[in-house]
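Down below is the structure, laid out as structure tokens.
FYI, it's all coordinate maths here, none of it is from the lab. Note that the coordinates shown come from a computational prediction; the quantities given were computed from them, not determined experimentally. Cβ placement follows ideal geometry from the backbone for every residue including glycine, while neighbour counts extend to all protein chains displayed.
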Amino acid sequence: MKTKFPSAWLVPVVILIISGLAPAQSGQQQKRAVVVNGQAGEATVYRFKGHRYIELEALARIANGSVTFQGNRIILTLPGPTANSAAVATPNTDQEQPEADPRFSKAFASAGIQALATIKQWRSTLAYAVQRGVPGDGSRTFILRDKATDGVRLASAAASNDSDKNGSQLLTNHFNNVQAWTNKLIDSRKSMGTANLSMSPDALNDDSLYQKIDTCSAFLGKTFAGGAFQDDPSCH
């Protein structure tokens, strides 16, 4: 059971006393601000033979705890630290964080260059066929497409840091754009539009998707060779 006790019953306790506050009384007892587990309150602190004492009842009240007597034992129960006291140890998330390393790992940079070469072979073969009006439905380039697919997959597997992963995403975007351009040519071939492309010497110059692919290919080549991640709109 929880029992109140005379204020004269005192025991020594270890507790945080906020310094710098003027005592309300002089002599052997003083009113002091007391903080227990982040909970603040005021209690009388007694000084006797060089030691400080505080009433258990006051201590329990400030900490939202309890005092229980069981036979010849006094049980003081205090709750754990509050959110306010725990917040003192919380790191400041507003502090500037170190910038991520923009460099590619050697394994990814090497795999990226190889994958880019397979994609370039694929789209260059298609471009050659378009410019010369070579008949076909694009099936002859499927082997090159599959080779490029494997190259992109290997580069993605080699990605080991954030820069690698960002570079892998650009490489994948580039592959997807070439695939979209391939599909466009196949659809055009089915509608007999490829012949019209072959008749114009500037056919590819007028093809906005091909120009985007060409720009991204050159950009990725320099980026992988340079060894550090950069971004460019043509690879999106």
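Listed by Cβ neighbour count within 10 Å, with the fewest neighbours leading, Phe224, Phe219, Phe69 appear as Phe69, Phe219, Phe224.
Given their separation in residues at 0.36 nm each and the Cα-Cα distance between them, Ala117 and Asn64 gain 12.0 nm when the chain is fully extended. Length gained on full extension, Ala107 to Tyr53: 12.7 nm, using 0.36 nm per residue less the C-alpha separation. Stretching Leu204 away from Ile143 to a fully extended chain increases their span by 19.7 nm, per 0.36 nm per residue minus the current alpha-carbon distance.
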